[in-house]
Amino acid sequence: MTAIIEFRDVGFAYARPARRSQRAFAFPGLSFAVEGGEVFGVIGPNSAGKTSLLRLLTRVLRPQRGEILLDGRRVADLAPWALAREVAVVPQEAPRPFPFTVEQLVLMGRYPHAPGRFFEDAADLAAARAAMAATETLALAPLPLEQLSGGERQRALLARALAQEPRLLVLDEPTAHLDLRYQVETAALLRRLNRERGMTILLVSHDLNLAAELCDRLLLLRAGEVARVGAPVDVLEQALLEDVFGCRVTVDKSASGRPVVQLAYDRG
């Protein structure tokens with residue numbers, strides 16, 4: 001496979017905290033690659049740098065050293081609309097208030113394909129409907145986003161991302177606020193998008209077991225540095241997880257042979 005995203009010795013640091021209670025954070029030199037067609041997970045404890053990594057990839061933040069490549073092209077050299085044609089982001093939640101219907105939200109995903117145009121054409125409407133069909137949100141199209149449940153909003157945000165027709169789909173905690181049913185449905189949808197469309201997926205998750213089941217490879221971060229990158233069975237190793245997260249865990253295997261991580265504590 002060929003890398004679609006490469007971080008090459010990327011260095012970044014936030015400005016010195018204004019208060020002593022705030023912690024400084026930096027990437028001293030982050031290097032890894034995401035291969036085309038894989039599901040790649042980024043995991044780690046709070047303040048490890050997961051969200052900062054996504055912000056660097058999408059140019060919300062700019063690296064102070066090194067470079068980030070998209071198919072061999074420097075991300076820093078791409079126009080925002082050109083980057084959005086290739087990379088679509090699904091945030092944890094839509095901003096509130098957000099006075100738009102589901103269909104209007106999904107059509108916003110078409111903007112990168114004609115940034116100078118004010119109205120959608122037939123191709124845009126077809127792409128939006130296809131994205132809503134894939135995420136089972138067609139019936140929700142006329143509804144205001146504010147009337148939807150958490151799971152429905154998450155699927156609408158995913159539909160907007162699919163309407164962009166990206167090569168790389170980036171998700172920040174895709175199941176963080178969902179109940180068990182919607183977690184299962186979201187996981188199944190992501191797996192289907194990857195297998196049927198060959199879509200490359202990068203997801204950030206605190207849910208180690210979700211990441212183990214969905215991802216081909218995992219990047220485990222610790223304080224801005226790579227603790228390990230590799231297959232789930234190699235990354236979700238008991239001693240390593242206990243060292244990085246600072247707590248006792250057990251690691252078993254699921255029916256599929258993937259690692260299953262549980263907290264280990266005294267039940268007495």
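At a glance:
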{"item": "Residue that is surrounded by 12 or more Cβ atoms within 10 Å (Cβ to Cβ), touching a helix residue (DSSP H, G or I) at 6+ places or on another chain (Cβ under 8 Å) and closer than 18 Å to Ser47 by Cβ, where the choices are Val260, Val204, Val244, Val226", "result": "Val204"}
{"item": "Qualifying position, being part of a loop (DSSP other than H, G, I, E, B) and closer than 27 Å to Glu35 by Cα, among Gln92, Gln154", "result": "Gln92"}
{"item": "Selected residue (criterion: nearest to Arg155 (Cα to Cα)) from residues of region 117-140 that are surrounded by 13 or more Cβ atoms within 10 Å (Cβ to Cβ) and in contact with a His (Cβ under 9 Å, 6 or more places away or on another chain)", "result": "Ala127"}
{"item": "Any hit, region 24-33, residues being of a type outside the set (D, E, K, R) and part of a helix (DSSP H, G or I)", "result": "no"}
{"item": "Hey, Leu143 over 26 Å from Ala48 (Cα atoms) and touching a helix residue (DSSP H, G or I) at 6+ places or on another chain (Cβ under 7 Å) or not", "result": "yes"}
{"item": "Residue among Leu263, Leu218, Leu240 that is farther than 24 Å from Pro166 by Cβ, in contact with a strand residue (DSSP E or B) (Cβ under 7 Å, 6 or more places away or on another chain) and modelled with pLDDT of 95 or more", "result": "Leu240"}
{"item": "Only one of Arg192, Arg181 that is under 21 Å from Leu157 (Cα atoms), touching a residue at least 24 places away in the same chain (Cβ under 8 Å) and either not acidic (Asp, Glu) or not in a helix (DSSP H, G or I) (or both)", "result": "Arg181"}
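The values are calculated or read from the model by the stated rules, or taken from the named source; none is laboratory data. Note that the coordinates shown come from a computational prediction; the quantities given were computed from them, not determined experimentally. FYI the Cβ positions are ideal-geometry reconstructions off the backbone, even for glycines, and counts take in every protein chain you see.
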